[in-house]
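Derivation of every value follows stated rules applied to the coordinates shown; laboratory data play no part. What you see is a predicted model, and the numbers here were worked out from it, not measured in a lab. Cβ placement follows ideal geometry from the backbone for every residue including glycine, while neighbour counts extend to all protein chains displayed.
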Amino acid sequence: MSSPSDEDIVIFKDWLRENGANFEKIEWPSADTNSGIRGAVALDDIATDEYMVTIPSKLMISPESAFSDPIAGDIFTKNIDILRGN
């Protein structure tokens, strides 16, 4: 699988923001990390009890949302044994 393009990342981050996500105090993805591996970098001080990232529950994948999805739900239902593992 190839890495996402810069344009793909911008589109994804815009979609997250439009849907209520907040990550204003971090830059991600970023290669400007101590290890040089892609990660996240703080853009400002972040207090101990302050959230760095918030993602609304409507954007999260859960068993309930996966199985109730009009497109993927049927696929999940038909393959429940594979999803459960051994």
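Numbers below:
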quantity: Additional length obtainable on full extension of the chain from residue 82 to residue 53, 0.36 nm per residue less Cα span; calculated: 7.2 nm
quantity: Calculated from backbone phi, Karplus (6.51, -1.76, 1.60) coupling profile of the stretch 74-82 in Hz, x at Gly/Pro; calculated: 5, 5, 4, 4, 5, 10, 4, 5, 5
quantity: In nm, spacing of pseudo-spin labels at residue 62 and residue 22 (7 Å Cα→C-beta vector); calculated: 2.1 nm
quantity: Debye, to nearest 20: dipole size of the stretch 18-86, +1 on Lys, Arg Cβ, -1 on Asp, Glu Cβ; calculated: 400 debye
quantity: Helix 6-18 vs. the chain, principal-axis angle (Cα, 0 to 90°, nearest 10); calculated: 80 degrees
quantity: 222 nm mean residue ellipticity, helices alone, for the chain (DSSP H n ≥ 4; -39,500 (n - 2.57); rounded to 500); calculated: -9000 deg cm²/dmol
quantity: Square roots of 5 times each gyration tensor eigenvalue, C-alpha, the chain, largest first, Å; calculated: 31, 17, 15
